[in-house]
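Here is the structure we will look at.
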Amino acid sequence: KESESSHTFEALACIMWQVLPALESLVNGIASLWKPSVCQAMLANWQLVLVPAELLLLANPSHRSDATDCGHAQVTEVSMWLRQTREACYEVMAQLSHIGGNMRYFEHLHSNPSIVISLLGQWQHMENRHVRLMLRNGLLPLLRSCPPRLLPALLRPVLAPLLSNVLQRLQGAYQAVVEGRMVERESL
């Protein structure tokens, strides 16, 4: 039974080494869409792909989602694809943390800190909802599953800048509330 389990984790480890670079590329690619230079280069109708569909429900609680939520059917489809892909990427990160101890995942991250930065360090231009998803499905599973001896080295490149950015977001959000402005986009 133990031998069978060992073979399963060896097989999963082989797959993980193939998936990790693609996961990095997807996370970086999707996060880069919110960089100001990329947003400004988008055509106005395609910028709607970055608007959260949830805002439509806040504006009109009886709203039913349809193909033109983002102005055009193609833009709405891309928006949904981005959301689903981002959520899937962070879910893969969570699963890797849960099963990674048996596959030397944390040791691999320890010896390749650029992967940690790539997967958890793309929050600077993310919207708050994306940061929450990254924290919940990326950082928390890592904190819960990683061997304590590896945590300081894994967290060093991302934790201090992240906490500083979260503080800036909170201060910006508080100021927006005080002034009666919209919080989400302006607090970035």
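The values are calculated or read from the model by the stated rules, or taken from the named source; none is laboratory data. Please read all numbers here as calculations on a predicted model, not as lab measurements. Reconstructed Cβ throughout: ideal geometry from the backbone, glycine too, with neighbour counts over all protein chains shown. Heavy atoms of the whole protein, side chains included, go into the accessibility calculation; ligands, DNA and RNA do not. Shrake-Rupley method; radii C 1.70, N 1.55, O 1.52, S 1.80 Å.
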Check: Quick one: what pairs do we get from region 103-128, first residue more than 14 Å from Trp17 (Cα to Cα) and outside any helix (DSSP H, G or I), second open to solvent by 10 Å² or more (accessible area, probe 1.4 Å) and aromatic (Phe, Trp, Tyr), C-beta under 7 Å, 6+ apart or different chains?
Finding: His125/Trp34; Met126/Trp34; Glu127/Trp34
Notebook entry, point to check: Taking region 100-109, which residues are in contact with a Leu (Cβ under 9 Å, 6 or more places away or on another chain) and at pLDDT below 85?
Noted result: Gly100, Asn102, Met103
Checklist line | Positions within region 42-58 being at pLDDT 70 or above, aliphatic (A, V, I, L, M) and surrounded by fewer than 14 Cβ atoms within 10 Å (Cβ to Cβ), in sequence order | finding: Met42, Leu43, Ala44
Notebook entry, point to check: Only one of these conditions is not met by Pro148: (1) more than 20 Å from Leu33 (Cβ to Cβ); (2) part of a helix (DSSP H, G or I). Which number is it?
Noted result: (2)
